[in-house]
Amino acid sequence: MNPSLPLVSTAERRHRLGRRHRLAPSARAATVAEAADSVVALHATDAATVFLSARARLGEGGPSAVEQALYEDVSLVRLLSMRNTLFAVSAELAPYIDSSTARAIAAKERRTLLKHLDEDGQGLDAEWLAGAEAAALDALDTHGPTTGSQLSAAVPALRQEITIGRGKKYETQTGVATRVIRLLAADGRIRRDRPRGSWTSSQYRWVHTESWPVVPAAEARAEIARRWLHAYGPATEADLKWWTGWTLTDVRKALAAVGPDQVRLEDGSTALVSPGTPVPNRPRSPGRRCCPASTPPAWAGPTADSTSPPPSGPPSSTTPATSAPPCGGTARSSAAGPSARRRDRLAAAGRPRRRRRGGDRRRGRPTRLVGGRRPYHPAVPHPART
C-alpha cells in the first residue's frame, strides 16, 4: 500500500453511491434514461425490476413514465449484454453496449444455433436460418408489434422443430421460434415492445428496428469502463471484469485507455477511481433505502462469498461499500418477519443461531446478493438528506 495515495473512507464510498446512483433525495434523476445512466445499466431480467429501480431514482413519475421511455420515446432499451444478462440501457449508451459486449454474445448465440441445426440432420443450415429471419422481419413489418406465438403462427419456418442431443440421455425436441427470435434480438434487429398484460409482464411483443450504429470495440469498452468507474468506483479491475464479462486483457486495455487514478481504502487495499475525481473525506451518517433485489448496488463483486455472513467491518476493494449494512444494522427490509428479526438480534449480540437438522435448504441456491442474504431485499445506503 502506498501511504501517499489519497484515502477514500467507507463513509465517503457510501456517500458517493447514494449520490451517483441517484438514491439521495437531493440527487434524483429527472428522466428514466438519466436514472439508467447513473448506474450504467438497469437489470431487466425481471420485468418489474426496471420499473422499481428507475422509480427509486426518479424525482417523480410512476410506471407510466418508464413505459413511455421504453415503448414510446424508446429512450430506454433492453439489450442482452453483460454476463449474457438482459439489461435496460439508455438509447445514447446502447451503441457502446452493443459494440463492447452484445456483438460477441450474438455471435456466440448464432454459432450455437447453427450447431444445433447441423446436428439435427434435417438439412437446416445458415441459408435456411437467414430465410427464417428474413420471413420473421417481413411479418413484423406487416403486422406491427407481435408476440412470439403470433409470429410463429405467421411464419411457417418458425414452427420447425429440431432435436437437440440426438441419441443422448438429454435428447429433447424443441421448436426454433424462441431461438430465432432471441438471435434477432441479440443482433439488434428487433426489440422488445409493450408486453401483454401489465408492466410486470414479460410476454413482450416484438417490433422490427434498425441495428445500432457501429462503434469500434476498443472505444466502446473504454467508454463503458469510464462510466462504470464513475458510478461504482473505487473498484478494482477484477470488479470490472466480473460486471462486464470481458476477458482480463480487454479489461486492462479499457482501463489503460481511461487512465484511472489510484486511491487507498480503509482496509489497506488500493482501488481505482475515474480520472480527476476529487476525494473529500467527509463523515456522513448514511441512511437506508430498500430497492429491488436486482438493483445494482446490491450485487457483489467477484469475491463475494454467498455462504458467509455479511462483513462487519469496512468493505474491501473488491466488495461494494453497501455490503456492510450501515449503522451496525443488517440488510433486512422492514417487511422481515419475527424469525428474521430474532436472527438479526442474535447476530448483533454475537450469539450463534441454532440450525435445524438438515441445515438451511436455501444454502445451496446460487445467489449474488451481498453476504448471501437471499430472502429479503438488501438495504442500499444513501447519504444523509441535505
- Taking the alpha-carbon set of the range 1-158, what are its Rg and Dmax in Å? 21.0, 68
- Query: What ranking do S26, S4, S152 get, fewest neighbouring Cβ atoms within 10 angstrom at the top?
  - Reply: S4, S26, S152
- Cut-off 17 Å, label 7 Å out along Cα→Cβ of S149, residues of the range 200-235 by amide N: 201-206
- How do H21, H143 rank when sorted from fewest to most other Cβ atoms within 10 Å of their own Cβ? H143, H21
- Task: Compute the convex hull volume of the Cα atoms of the range 167-207, divide it by the residue count, and report the result per residue in Å³ as a whole number.
- Result: 107
- What order, most packed first, do the peptides 160-173, 249-262 have when packing is the mean number of other Cβ atoms within 10 Å of each residue? 249-262, 160-173
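We did not get these values from a lab; they are worked out from the coordinates using the rules stated. Note that the structure is a prediction, hence the values are computed from the model and not measured. Cβ atoms come from the backbone with ideal geometry, glycine included; neighbour counts cover every protein chain shown.
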